Amino acid sequence: MILGKTAFVDLSAGTVGIEDTPEDLVRSFLGGRGANMAYLHRLLPVGADPLGPENVLIFGCGLLTGYPAPSSGRMNISAKSPESGIIGDANMGGFFPAELRKAGFDRLVITGRSAEPVYLYVSAGRVELRSASAYWGLDAWDTQVALERDVGHGARSAAIGYAGENVVRFACIMNGRKNAAGRGGMGAVMGSKLLKAVVARGDVPPPVYDRGALLKRRRELNAYLHESKVIQIMGRLGTPLLYGNHVRLGALRTKNSQLNQWTSDLDAEHVEEHVERMVSCAGCSVHCRHVNRLGGEGPEFVTEGLMGANCGVEDVVDLIEINNLCNALGLDTSSAGTLIPWAMELYQRGIIGEELTGGPLEWGDVPAIKQLLLDIAARRGFGNVLAESTQALALGLLPTEARDYLIAIKNLPQSDPHDVRYIKSFALAEAVSSRGADHLRNRPTLDIMGLSNEIREKVYGEPTVAAPTSYETKEIVVEWSENIYAAIDCLGMCRFVCRGWNSPKLLGYDEFSALITEAVGLDIPPAELVAVARRVLDMERVINMREGITRADDTLPRRYFDDPLPVGPSKGHRIDRAEFAALLTRYYRRRGWDDEGVPSPERVAGLTARTRSAAPLS
Amino acid sequence: MGIRIGLGEPFWRAAGVREFVYVLESPEGIALHELCTRLAVPGVQVSPDLAEPPLFVLNDRILSSAESRAAVVRDGDRLLVQLMLAGG
């Protein structure tokens, strides 16, 4: 089997240790998200301050990142989240992950805090700490440009902007103009360590175990993927494709989820007028990213919905400018697009006033929204309150009744614009997602596709109820989705080519297993890949429980239980508390946990044994 | 009066139009699968074998796969057809 290197960087001591990635760790957790969780399980002190030097920040390539496999240019960046207080785990594409692999590394495990701003320069199997004083104060885009100018053409950076430097709890790490490790405030963790960027420059592709077979399989799989209508249309329009369809269905979070439909003026057709071209991440043939004519990339559907409809913004040019601003500042648009609407509703209801906000905070006030984003990044005025994200409640910066209007789970603002009150499986998925309110961990997207029972049974391996408004068997579809997405995150491949993500076709365990064998010479049959995925979910549960998570946290915002959807085909739907509680119990049992969501002592002991090598030898 | 048909993404692009009225020949209505055949918009069809089927919304009611196969569309009805993706 071909193995790579893991670097242990202690920013306090200014030291770097480089070791071979342990083979048993790869067999148990592959790489990417799985291996990151193994290191967090082993190295993260319980109760650590997420903004303190003891937090462990891990940049982890997937097992196949940078290999000639389809859409294999992604990585996970993980730490304890300063936003949620539990697992922070953000997935990022672009070109940086593959460059880190070519520079000789599977992952970087970073601890401590530097005395001065630094960046890591990673190249040719070495990691150097270099002064970042010349770059401190630059936004995320200018930082990357300056670093490539100074380090050399072709260097790729994962960098923070002002938001990360000012330790805004939902600051993200940027590579390129739009690729973000967005969720959970990983940018704030970097800022707290005075780590401005990680720069990778590599020119040695990873050695391939069976190059001929892998290249042949890649050709065949790419051809297969491009037979999919979903892949074809994603490559033409990108995710803005989803916006108009959500509007028509009445499934769009609007004005802090008070409404569920908004103007069509932000849909794909309107965004297209401002798109220069479509581009892709490293190694991907889908090319679903769009370069906009206002100097940035995007917006994606998440930003369209949350910074658009959810804030009451109606004009597509305003939306693109807001999108570009968030990316330059290094702010997660999922959190910004939930927190700002939260504040707007609080202002609307008179729960907060101008003595706190510093001025009117009206729906759709674009100049006010842009100013607020700048103030959040600078931690200025009311921006300093929202910079604390949901922790503003615990810190006493907002009245306690504000919690009733917050759309967040486990203190993480909801990631996506889809209102989950109609599709019950989506609601369960948000509630149990291991990093908080998030659709990317486990959304059973097939539940809204109107698939026949025959096709569903082929996908899930057993009969399931197709009706999206039913609670029955939805634990099956969520668990299945959670497993396969965890597996693909361990590989460093993109969700958009994963079976279950918008299509029952696309790539699944059989393809993953074959790619792993041909790329690195490791035999992991499909059934074992499922076991790896379940192991990762168990580990995330154990880490979260160490940080205080209980069954009570696997819940939904009050609004989803109490307020029915007001308009459209989804009108009248909400989540029934009793049905949800029963569904949650069934999900736990499906996971092999007890009725409080606790893995058995035997499984916990097994995880501990498997993570023994997830630590520096020294 | 006819049937008001709305085409969402991506189907309106092949058809070149987002909304139009389909005039029925018969007052009894038309089976949805037959209507799709007549519209001849690529990808707009009713079949249990489709892995990436269109989603049909008839008079604000989202149809399941089985309901789509049995549905009859009548004069004055509103039909929306789109590819419903929820992951993005």
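The values are calculated or read from the model by the stated rules, or taken from the named source; none is laboratory data. All figures in this text were calculated on a predicted structure; none of them were measured in a lab. Backbone-built Cβ (ideal geometry, glycine too); neighbour counts: all protein chains shown.
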#### Entry: Test result for A:G436, without any contact (Cβ under 8 Å) to a residue 60 or more places away in the chain, more than 14 Å from chain B (Cβ to nearest Cβ) and not hydroxyl-bearing (S, T, Y)
no
### Residue that is surrounded by the most Cβ atoms within 10 Å (Cβ to Cβ) [pool: residues in segment A:145-179 that are out of contact with any helix residue (DSSP H, G or I) (no Cβ under 7 Å at 6 or more places or on another chain) and small (G, A, S)]
A:G176
### Query
Take the residues of segment A:116-126 that are under 26 Å from the mean Cα position of the chain (by Cα) and more than 16 Å from A:S192 (Cα to Cα): which is surrounded by the fewest Cβ atoms within 10 Å (Cβ to Cβ)?
A:Y121
### Query
Between a first residue in segment A:106-120 that is farther than 20 Å from A:R201 by Cβ and a second residue that is among the acidic types (D, E), which pairs have beta carbons less than 7 Å apart while being 6 or more apart in sequence or on different chains?
A:T111/A:D10; A:G112/A:D10
### Task
Take A:A431 and decide whether it is in contact (Cβ under 8 Å) with a residue 12 or more places away in the chain and within 11 Å of another protein chain (Cβ to nearest Cβ).
no
### Task
Tell me which of these A:Q261 doesn't satisfy, since it passes every other one: (1) outside any loop (DSSP other than H, G, I, E, B); (2) farther than 28 Å from A:A140 by Cα; (3) touching a strand residue (DSSP E or B) at 6+ places or on another chain (Cβ under 7 Å).
(1)
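When you check A:E54 against the structure, is it part of a loop (DSSP other than H, G, I, E, B) and either surrounded by fewer than 24 Cβ atoms within 10 Å (Cβ to Cβ) or out of contact with any His (no Cβ under 9 Å at 6 or more places or on another chain) (or both), yes or no? Let's see the steps before the verdict.
Working: part of a loop (DSSP other than H, G, I, E, B): yes; either surrounded by fewer than 24 Cβ atoms within 10 Å (Cβ to Cβ) or out of contact with any His (no Cβ under 9 Å at 6 or more places or on another chain) (or both): yes.
Answer is yes for this residue.
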#### Entry: Odd one out for A:E479 among (1) in contact with a strand residue (DSSP E or B) (Cβ under 8 Å, 6 or more places away or on another chain); (2) in contact (Cβ under 8 Å) with a residue 40 or more places away in the chain
(1)
## Note on the structure
Note on segment A:278-312: residues modelled with pLDDT of 95 or more, among the small types (G, A, S), surrounded by fewer than 23 Cβ atoms within 10 Å (Cβ to Cβ) and within 22 Å of A:Q232 (Cα to Cα) are A:S280, A:A282
### Task
Read through the list (1) of a type outside the set (D, E); (2) outside any loop (DSSP other than H, G, I, E, B); (3) within 14 Å of chain B (Cβ to nearest Cβ), then give the number of the only condition that A:A514 fails.
(3)
### Query
Among A:L147, A:L138, A:L129, which is over 25 Å from the mean Cα position of the chain (by Cα), of a type outside the set (D, E, K, R) and over 19 Å from A:A98 (Cβ atoms)?
A:L129
### Message
Please count how many residues of segment A:474-507 are of a type outside the set (D, E, K, R) and within 13 Å of chain B (Cβ to nearest Cβ).
### Response
15
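Regarding A:V189, is this residue away from chain B (no Cβ under 11 Å), of a type in the set (A, V, I, L, M) and not in a helix (DSSP H, G or I)? Lay out the reasoning, then the answer.
Details: away from chain B (no Cβ under 11 Å): yes; of a type in the set (A, V, I, L, M): yes; not in a helix (DSSP H, G or I): no.
Judged against the criteria, A:V189 is not a match.
For segment A:350-373, which positions are assigned to a helix (DSSP H, G or I) and surrounded by fewer than 16 Cβ atoms within 10 Å (Cβ to Cβ)?
Residues of segment A:350-373 assigned to a helix (DSSP H, G or I): A:354-357, A:366-373.
The answer is A:E354, A:E355, A:P367, A:K370.
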### Query
Residue check: is A:P299 under 19 Å from A:P417 (Cβ atoms) and more than 19 Å from the chain's Cα centre (by Cα)?
no
### Task
Tell me which residues, restricted to segment B:64-82, are of a type outside the set (K, R), more than 7 Å from every other protein chain (Cβ to nearest Cβ) and within 27 Å of A:P417 (Cα to Cα).
B:L79, B:V81
### Message
Considering only residues that are within 13 Å of chain A (Cβ to nearest Cβ), closer than 23 Å to A:N453 by Cα and surrounded by fewer than 18 Cβ atoms within 10 Å (Cβ to Cβ), which ones fall in segment B:12-44?
### Response
B:G43
### Query
For the subset of segment B:60-76 comprising residues that are within 11 Å of the chain's Cα centre (by Cα) and assigned to a loop (DSSP other than H, G, I, E, B), which member is nearest to A:M449 (Cα to Cα)?
B:L63
### Task
Name the one entry in A:T464, A:T469 that is under 24 Å from B:L50 (Cβ atoms), among the β-branched types (V, I, T) and either modelled with pLDDT under 95 or surrounded by fewer than 20 Cβ atoms within 10 Å (Cβ to Cβ) (or both).
A:T469
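Restrict the check to segment A:321-344 and report whether at least one residue is under 24 Å from A:D438 (Cα atoms), over 24 Å from the mean Cα position of the chain (by Cα) and either acidic (D, E) or modelled with pLDDT of 95 or more (or both).
So in segment A:321-344, the residues under 24 Å from A:D438 (Cα atoms) come out as A:322-344.
With the extra rule that they be over 24 Å from the mean Cα position of the chain (by Cα), the set shrinks to A:344.
From the residues that got through so far, the ones that are either acidic (D, E) or modelled with pLDDT of 95 or more (or both) too are A:344.
Yes - at least one qualifying residue is present in segment A:321-344.
Restricted to segment B:46-59, and to residues that are surrounded by fewer than 16 Cβ atoms within 10 Å (Cβ to Cβ) and more than 7 Å from every other protein chain (Cβ to nearest Cβ), which residue is farthest from A:N453 (Cα to Cα)?
Applying the filter and picking the extreme gives B:N59.
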#### Entry: The one condition in (1) at positive phi; (2) part of a helix (DSSP H, G or I) that A:A431 fails to fulfil
(1)
#### Entry: Set A:L252, A:L237, A:L195: member being within 14 Å of chain B (Cβ to nearest Cβ) and crowded, with 24+ Cβ neighbours inside 10 Å
A:L252
### Query
within 14 Å of chain B (Cβ to nearest Cβ), assigned to a helix (DSSP H, G or I) and buried (at least 20 other Cβ atoms within 10 Å of the Cβ) - does that describe any residue in segment A:206-225?
yes
### Message
Residue pairs, Cβ under 8 Å, 6 or more apart or interchain, first in segment A:566-577 and farther than 14 Å from A:I423 by Cβ and more than 8 Å from every other protein chain (Cβ to nearest Cβ), second part of a loop (DSSP other than H, G, I, E, B) and among the charged types (D, E, K, R). List them.
### Response
none
## Note on the structure
If we keep only residues of segment A:439-453 that are more than 7 Å from every other protein chain (Cβ to nearest Cβ) and of a type in the set (S, T, N, Q), then the residue nearest to B:L55 (Cα to Cα) is A:N453
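Each row is one residue, and each column tells you yes or no for (1) of a type outside the set (A, V, I, L, M); (2) more than 27 Å from A:R495 (Cβ to Cβ).
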site: B:G8; (1), (2): yes, no
site: B:V23; (1), (2): no, yes
site: B:R38; (1), (2): yes, yes
site: B:V41; (1), (2): no, yes
site: B:V46; (1), (2): no, yes
site: B:Q82; (1), (2): yes, no
### Summary
Of the residues in segment A:454-473, those that are within 12 Å of another protein chain (Cβ to nearest Cβ) and in a loop (DSSP other than H, G, I, E, B) come to A:V465, A:A466, A:A467, A:P468, A:T469, A:S470
